[in-house]
Amino acid sequence: MDDLQSLAGVPAEIFRLPLEEQTIQKRNPSRTEDEAPGAALKPLVFRVDESTPEVVQSVLLERGWDKFDEQCQDVEDWNLYWRSSSFRMAEYVNIKPWQRLNHHPGTTNLTRKDCLAKHLAHMRRLYGESLYEFTPLTFIMPNDYTKFVAKYFKEKQDLGAKPSYWICKPAELSRGRGIVIFSDIRDLMFKGTYVVQKYICNPLLVGRYKCDLRIYVCVTGFKPLTIYMYQEGLVRFATEKFDLSNLGDYYSHLTNSSINKLGVSYQKIKEVVGQGCKWTLSRFFSYLRNWDVDDLLLRQKINYMVILTVLAMAPSVPATYNCFELFGFDILIDDNLKPWLLEVNYSPALTLDCSTDVSVKRSLVHDVIELVYLNGLRSEEKKYGRASPRSSVVSLAGSSQSEPCAVPDSPSYASLIQFTTGSKSNPPVRHLYPKHTRTSQLREMMSRQERLLTREAAKSKPRHKPRHSPRKMLSPYSSQPQPHKMKGPAGVLPEAGSAPNDHAGNFVLIFPFNKATFGASRNGLNVKRIIQELQKLMNK
Ligand code: ADP
């Protein structure tokens with residue numbers, strides 16, 4: 001833990017940057033450069049299309065954002081474009097510094113089942129089977145057909161009379177469509193690209209029902225790599241009891257809610273599970289705690305799995321700016337409490353089918369917005385209150401008077417791992433910020449902070465500070481939008497030396513997790529070094 005401690009022990013002065021180096025990011029397209037700081041700002045503007053989930057729009061309206069209107073607004077006059085489908089390359093290239101897109105280019109490398117399998121196989125070859133043994137054995141069809149047949153018959157021989165189980169899934173489909181579970185190779189059918197995977201036939205059952213976890217992960221940047229994990233999530237149940245003698249019963253073997261909400265037992269009150277087919281993740285973990293399961297260890301394993309998975313494809317994501325990606329990781333726990341990665345979802349479903357969905361997904365969307373846009377202002381408001389101009393200025397500079405991080409209650413890297421996993425007496429799921437702050441208040445505060453900054457900047461003498469000083473490398477992000485520098489005409493690139501916020505709402509930073517991984521993910525991605533650090537942590 002040496003690295004962690006040394007980061008936590010850095011004197012506060014190190015984190016203070018000269019005011020000249022602070023850049024207030026232009027957030028609002030409606031404000032022109034020559035307008036006086038503090039002039040009234042118009043609301044932030046979001047853009048949607050027919051694929052945008054309803055809840056995204058309603059949350060943004062609730063937060064005081066305006067909806068983009070093509071007819072009467074300038075084509076560049078928006079701040080956030082959120083849609084379920086991917087963007088065209090031109091949209092990434094032409095992005096403006098004040099805009100955000102909810103997808104990165106190239107992330108289907110993680111979310112297409114065949115691509116994920118390829119990337120993970122590559123990592124297994126490079127870093128060893130044992131590190132990447134969290135996905136079931138997978139074959140990509142039709143290319144791996146011969147290999148699969150060989151494996152199938154080898155296993156049949158080894159198992160004797162006992163059956164072996166496999167699942168065949170279309171590479172590009174979702175929501176359980178086109179899936180076949182089989183134990184006899186004669187039942188294997190595919191046309192196009194499929195993956196055939198070892199079927200986990202000993203899932204952890206709750207009241208004899210199979211379930212899997214939907215874990216939300218937000219990657220706010222691939223260059224530098226920054227990963228946040230949501231501390232709340234969903235547990236999705238099958239609605240018929242698990243039964244290996246009936247592989248054709250999808251209500252017993254598939255946990256997709258799109259399937260189970262159509263089942264006859266959906267409304268039935270089921271043993272332990274209750275009505276419906278979903279729990280919150282926190283309910284599930286508290287259920288496990290009642291059975292004396294070490295849920296913290298399980299959460300930690302999931303953290304590692306997420307980091308290792310994102311690392312597998314991060315180097316192949318093209319450098320783009322102002323994008324973020326919300327992923328849905330599907331994880332199945334077996335009866336030995338081993339988590340298995342089943343797949344990673346692009347645009348995870350945000351439909352609100354039941355009260356559990358409403359409570360989890362609405363907060364999730366709020367917190368994504370916090371994470372990508374407004375968390376700074378929130379935490380400023382909470383920590384310093386409105387009447388503390390001095391504090392605001394210091395914090396905008398990326399530092400605080402007495403501690404290295406300006407975020408209230410924020411853990412240093414040293415405590416991050418603990419924080420991420422929470423504790424038994426103090427579960428990690430919590431809301432740190434009020435949910436319904438009006439954008440108008442935030443704008444008002446931004447204006448005040450800009451005024452103060454301008455005043456302070458005029459007063460302060462430029463201090464000697466090389467642009468890439470090691471001090472700056474250690475400075476955590478300010479809780480304001482991070483300083484950006486222009487990269488070409490359109491994009492902005494986060495400074496390599498700024499440390500990300502360690503949480504926003506229920507999102508907790510899981511990568512970088514210490515000073516070494518921070519260094520290894522800035523100015524290029526040193527995957528080997530990061531893996532070494534992860535291994536150290538996993539071995540502890
Ligand atoms: P989709 O994208 O169609 O949802 P998934 O890979 O998520 O495909 O699989 C759908 C469901 O099938 C999962 O939620 C899970 O319940 C079950 N499933 C998928 N793969 C496996 C596996 N290898 N072992 C056991 N169950 C699986």
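The values are calculated or read from the model by the stated rules, or taken from the named source; none is laboratory data. This structure is a prediction, so every number in the text was calculated from the model and none was measured. Here Cβ is always computed from backbone atoms with ideal geometry, including for glycine, and neighbour counts include all displayed protein chains. Remember, those area values only see protein heavy atoms, side chains included, never the ligands or the DNA or RNA. Shrake-Rupley method; radii C 1.70, N 1.55, O 1.52, S 1.80 Å.
List of remarks:
- Candidates per GluC sites (Glu not before Pro) in the stretch 55-113, loop by DSSP, up to 10 other Cβ within 10 Å: Glu70
- Sorted peptide list for 206-212, 515-521, 131-137, criterion being average Cβ within 10 angstrom, highest first: 515-521, 206-212, 131-137
- Whether the stretch 177-246 is rounded, prolate or oblate, judged on the alpha carbon gyration tensor where a/c under 1.5 counts as rounded: oblate
- When every Cα-Cα distance of the stretch 104-234 is counted in 5 angstrom steps from zero, the calculated P(r) takes the values 2, 8, 14, 19, 21, 17, 10, 5, 3, 1, 0 percent.
- Solvent-accessible surface of the stretch 36-95, averaged per residue with a 1.4 angstrom probe and all protein chains in place: 50 square angstrom.
- The stretch 215-362, relative contact order in percent, only Cα pairs under 8 angstrom and at least six apart counted: 26
- Estimated translational D of the stretch 259-344 in µm²/s (Stokes, Kirkwood radius over Cα pairs; 25 °C; 0.890 mPa s): 156
- Shown for the stretch 237-321: the carbon plus sulfur share of the solvent-accessible area, taken with all protein chains present and a 1.4 angstrom probe, equals 53%.
- Stokes-Einstein D for the stretch 189-339, Kirkwood Rh over Cα pairs, 25 °C, 0.890 mPa s (µm²/s): 144
- Relative packing of peptides 98-106, 45-53 - highest average C-beta neighbours within 10 Å first: 98-106, 45-53
- 15 Å reach of a label modelled at Asn143, 7 Å along Cα-to-Cβ, counting backbone N of the stretch 163-182: 171-172
- A cut-off of 5 Å between modelled amide H atoms, ignoring neighbours fewer than 5 places along the same chain, links Lys268 with Gly276.
- For the stretch 188-289: accessible area per residue (Å², 1.4 Å): 35
- Computed label-point distance, nm, for sites Thr108 and Glu70 using a 7 Å Cα→Cβ extension: 2.2
- Spin-label pair Asp49-Val272: with each label point 7 Å from Cα along the Cα-Cβ axis, the two points sit 4.4 nm from one another.
- Mean Cβ count within 10 Å, highest first, over the residues of peptides 257-265, 503-511: 503-511, 257-265
- Extension gain for the segment Lys162 to Lys42, taken as residue separation times 0.36 nm less the Cα-Cα distance, is 36.4 nm to one decimal.
- Centre separation in Å (Cα based) which lies between the stretch 218-290 and the stretch 320-361: 10
- Three-way shape label, the stretch 120-189, alpha-carbon gyration tensor, a/c 1.5: oblate
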